[in-house]
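This report concerns only the one structure given below.
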Amino acid sequence: MQTVHRIIFQDSRKLAALADQSIDLVITSPPYPMIEMWDGQFAALNPEIGLFLERGDYRGAFGAMHTALDPVWQELYRVMKEGALACINIGDAARTINRRFQLFVNHARIQQKFVEIGFDALPLILWRKQTNAPNKFMGSGMLPAGAYVTLEHEYILIFRKGNKRSFATAAEKQNRMLSSYFWEERNLWFSDLWDFKGARQETNSSELRARSAAFPIALPFRLINMFSVFGDTVLDPFAGTGTTTLAAIAAGRNSVGCEIDPCFSGPIRESILNDTKRLSKYNSARIAGHLDFVQSRQAARGPLKYNNSYFGFPVMTRQEKELKLAFIESAGEEAQDCYRVSYFDSYSRDHLQA
Ligand SMILES: C[S@@+](CC[C@H](N)C(=O)[O-])C[C@H]1O[C@@H](n2cnc3c(N)ncnc32)[C@H](O)[C@@H]1O
């Protein structure tokens, strides 16, 4: 098996390089309106935004920042296939303006726009990002009534374009079975509250990741496994450090990333070519987790009913019998900002140690 990964350095408000109905899944995190670190970039997209901020017209700035993102959401509708899902990671912004502390509700504005465009909204995920920072409590301390609830979560909004995806042919049905996930993963992944504590095992420079507000690889990796199958193409229109691309490589899916800032080209190249094999650890961890689950489940409830035909270990349900995971053999650069990844055809225990 092989996958292909392209990064296109362009403004995603016009995804000219992508054909209509060519994308199976979108995973992304835009610059967050009204979070100070993105003020400059929004002002570059639309100079009026800079003027709103200078004048202290923050409601105007909030509206104009979202208006700058809207064409990207519209383009997603064009490039996504019927039945494809879009997962948008977004946080609200708390900001003190003219000495008035207030919340700018980004997730609601984006949710409303997607529905206006024609997407169906699906149940969303709250991503809990707990902080232990000493200054996390805002406002008047122990004195009522001027203290504020701490903002310790972000959203993963989920939308579908059109009707539910169909798997009609025998080959499509078989590929869907190969792309299944474990029963115990389903129970954790499909809860509406996520917490990635302890999941910080990133591959590329942490300084760059902090500067670009990168999400942990565990986030797109999980979403890709939940909402796509082998052979699919995953798009991230705000690619940044390329986390979604790395997660697609780890999961054995194709990907396209679009990013306005070309300075990410070198770091993404380095992550893909130098760290590719290490990305197999995400699937190794899934196997280790499953074996732990099997051991404790069997100790408590007796032998499991089914066996996975690829790995030979027990599984809970018939749907997991054909489940297969991708283990990376090598990665190469096909052209500037375009990479091809090869996977082992058969599984060996050595791949788990990669
Ligand atoms: C929140 S960051 C994404 C971080 C990414 N998820 C990661 O893990 O590295 C948003 C990214 O969108 C990019 N961006 C902003 N406006 C854009 C536009 N109109 N088209 C394409 N990329 C854009 C920024 O340069 C930034 O890298």
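Every number here is computed from the coordinates shown, using simple stated rules; none is lab data. None of these values were measured; they are calculated from a predicted model. All Cβ positions, glycine included, derive from the backbone under ideal geometry; neighbour counts span all protein chains shown.
Taking all Cα pairs closer than 8 Å and separated by 6 or more residues, the relative contact order of the stretch 96-231 comes to 26 percent.
The Cα-based radius of gyration of the stretch 1-92, divided by its Kirkwood radius, gives an Rg/Rh of 1.04.
Given N residues in the stretch 69-176, what is its alpha carbon radius of gyration divided by 2.2 N^0.38 Å?
1.49
Mean-square fluctuation check for the chain, GNM, Cα pairs under 10 Å: which of Asn106, Asn225, Asn135 is largest? Ranking Asn106, Asn225, Asn135 by mean-square fluctuation puts Asn135 first. Calculated on the Cα set of the stretch 203-295, radius of gyration then Dmax: 13.7, 48 Å. Per-residue ellipticity at 222 nm, computed for the chain from helices alone with -39500 (n - 2.57) per DSSP H run of at least four residues, works out to -10500 deg cm²/dmol. Extension gain, Tyr310 to Arg176, is 46.8 nm, computed as 0.36 nm per intervening residue step minus the present C-alpha separation.
Per the Kirkwood treatment, what hydrodynamic radius in Å, one decimal, follows for the stretch 271-310 from the mean inverse distance over all distinct Cα pairs?
Mean inverse Cα-Cα distance, inverted, gives 12.2 Å.
Note: relative contact order over the chain, using C-alpha pairs below 8 Å and six or more positions apart, is 22 percent.
A simple packing score, the average count of other Cβ atoms within 10 Å per residue, orders the peptides 177-185, 239-247 as 239-247, 177-185, with the highest score first. Note on the stretch 113-185: Kirkwood hydrodynamic radius from all Cα pairs is 17.1 Å, rounded to one decimal. Projected label points at Val115 and Phe196, each 7 Å from Cα along the beta carbon direction, are separated by 2.8 nanometres.
Where both bridge residues fall in the chain, DSSP classifies roughly 65% of the beta bridges as antiparallel.
Helix 58-79 axis versus longest C-alpha principal axis of the chain: approximately 30°, rounded to the nearest ten. The mean sequence separation of alpha-carbon pairs under 8 Å and at least six residues apart, normalised by the residue count of the stretch 159-290, gives a relative contact order of 21 percent. For the chain, the longest principal axis of the alpha carbon atoms and the long axis of helix 281-301 meet at an angle near 70°. Spread over its residues, the convex hull of the C-alpha atoms of the stretch 292-335 is 100 Å³ per residue. Excluding same-chain neighbours fewer than eight residues apart, the aspartates and glutamates reachable from Lys136 by a Cα-Cα span under 19 Å are Glu36, Asp92, Glu152, Glu154, Asp195. On a per residue basis, the convex hull of the C-alpha atoms belonging to the stretch 214-354 measures out at 111 Å³.
Taking the convex hull of the alpha carbon positions in the stretch 13-151 and averaging its projected area over all directions gives 10.2 nm².
Legend: P(r) of the stretch 6-55 from all alpha carbon pair distances, 5 Å bins from 0, whole percents, reading 4, 15, 21, 21, 14, 13, 8, 3, 1. Can you check what the Kirkwood hydrodynamic radius comes to for the chain, Cα pairs only, in Å to one decimal? Mean inverse Cα-Cα distance, inverted, gives 21.8 Å.
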